[in-house]
1. In the stretch 167-180, how many residues are over 14 Å from PHE26 (Cβ atoms) and either of a type in the set (Ser, Thr, Tyr) or assigned to a loop (DSSP other than H, G, I, E, B) (or both)?
2. Check off (1) of a type outside the set (Gly, Ala, Ser); (2) assigned to a loop (DSSP other than H, G, I, E, B); (3) farther than 20 Å from ALA98 by Cβ; (4) modelled with pLDDT of 95 or more for PHE17 and give me the number that stays unchecked.
3. Quick one: which of TYR124, TYR99 is within 20 Å of THR60 (Cα to Cα) and touching a helix residue (DSSP H, G or I) at 6+ places or on another chain (Cβ under 7 Å)?
4. Assuming TYR167 fulfils every condition listed in (1) exposed (fewer than 14 other Cβ atoms within 10 Å of the Cβ); (2) among the aromatic types (Phe, Trp, Tyr); (3) over 18 Å from the mean Cα position of the chain (by Cα) apart from one, which condition is it?
5. Does TYR80 fit the bill of being in contact with a Ser or Thr (Cβ under 7 Å, 6 or more places away or on another chain), within 21 Å of ILE135 (Cα to Cα) and of a type in the set (Phe, Trp, Tyr)?
6. Considering only the stretch 146-191, state which residues are free of Cβ contacts under 8 Å to residues at least 24 places away in the same chain, closer than 17 Å to ASP131 by Cα and of a type in the set (Phe, Trp, Tyr).
7. For the stretch 181-191, state whether one or more residues are under 15 Å from the mean Cα position of the chain (by Cα) and either surrounded by 14 or more Cβ atoms within 10 Å (Cβ to Cβ) or in a strand (DSSP E or B) (or both).
8. Which ones in the stretch 75-93 are in contact with a Gly (Cβ under 7 Å, 6 or more places away or on another chain), surrounded by 14 or more Cβ atoms within 10 Å (Cβ to Cβ) and of a type in the set (Ser, Thr, Tyr)?
Amino acid sequence: MKKGMMTLVIFLTLNMFGGVSSNFSFSSNYFWRGMTQTMDAPAYSGGFDYSSENGFYAGTWGSNVAFGGAGLELDTYLGYAGETGSGIGWDVGYINYAYPEVADADFSEVYLSLSFAGLGFSYYLGDEFGDYYDISYGFGDLSFSYGDYEDTGSNFLISYGFSLGEYDAALGYSSFTADNSSGLEDEDGIYISVSASF
């Protein structure tokens with residue numbers, strides 16, 4: 001609760017000096033790196049983002065979850081992003097994943113992302129559960145990604161984005177293949193999400 005209140009105070013302060021936006025989303029399932037975080041049940045999520053003209057950004061995002069005694073995920077992040085004159089996008093930052101009901105489940109990552117002409121590459125350096133990387137490609141409303149989570153498994157995602165009235169929507173397919181040593185099971189599923197930004 002204290003962390004949430006502190007985040008709100010920070011964003012109310014930042015609003016005086018830059019742009020603050022908010023978002024809300026409903027999804028029929030919450031997949032993260034190919035693994036459902038809600039036991040295949042719907043997810044309701046939302047957050048606040050601050051961005052400045054020099055490329056600095058910070059944000060907070062939360063969603064319901066259902067695993068290991070956790071019912072809420074609350075992420076906070078910050079970083080710098082920009083683009084070179086030749087069109088290469090870059091993003092470097094830090095993210096903390098917090099689960100208020102299960103304190104020892106919290107972890108954080110430092111990440112670096114590069115993009116060019118629809119092709120993207122991201123690498124996440126984890127402090128506890130291993131590193132993760134993904135390669136993505138977007139073509140029009142279609143996007144594809146492949147990722148590998150150290151000692152956990154690999155995932156593939158295909159998503160189609162479209163407008164649903166005044167909202168943004170996406171229909172996707174997620175597939176996860178567990179490493180033999182992880183003790184996890186393979187899983188896959190189709191999801192639909194509807195989101196709005198303010």
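The values are calculated or read from the model by the stated rules, or taken from the named source; none is laboratory data. On a predicted model such as this, the values are computed, not experimentally measured, just so you know. Positions of Cβ are backbone-derived with ideal geometry, glycine not excepted, and every protein chain shown enters the neighbour counts. Remember, those area values only see protein heavy atoms, side chains included, never the ligands or the DNA or RNA. Shrake-Rupley method; radii C 1.70, N 1.55, O 1.52, S 1.80 Å.
1. 5
2. So PHE17 meets the others, but not (4).
3. Numbers: TYR124 fails: touching a helix residue (DSSP H, G or I) at 6+ places or on another chain (Cβ under 7 Å).
Of TYR124, TYR99, the one residue that is within 20 Å of THR60 (Cα to Cα) and touching a helix residue (DSSP H, G or I) at 6+ places or on another chain (Cβ under 7 Å) is TYR99.
4. Among (1) exposed (fewer than 14 other Cβ atoms within 10 Å of the Cβ); (2) among the aromatic types (Phe, Trp, Tyr); (3) over 18 Å from the mean Cα position of the chain (by Cα), the lone unmet condition for TYR167 is (1).
5. On the way: in contact with a Ser or Thr (Cβ under 7 Å, 6 or more places away or on another chain): no; within 21 Å of ILE135 (Cα to Cα): yes; of a type in the set (Phe, Trp, Tyr): yes.
Judged against the criteria, TYR80 is not a match.
6. TYR146, the sole residue that qualifies.
7. To start, the set of residues in the stretch 181-191 that are under 15 Å from the mean Cα position of the chain (by Cα) comprises none.
Looking through the stretch 181-191, none of the residues is under 15 Å from the mean Cα position of the chain (by Cα) and either surrounded by 14 or more Cβ atoms within 10 Å (Cβ to Cβ) or in a strand (DSSP E or B) (or both).
8. TYR77 - this is the single residue of the stretch 75-93 that is in contact with a Gly (Cβ under 7 Å, 6 or more places away or on another chain), surrounded by 14 or more Cβ atoms within 10 Å (Cβ to Cβ) and of a type in the set (Ser, Thr, Tyr).
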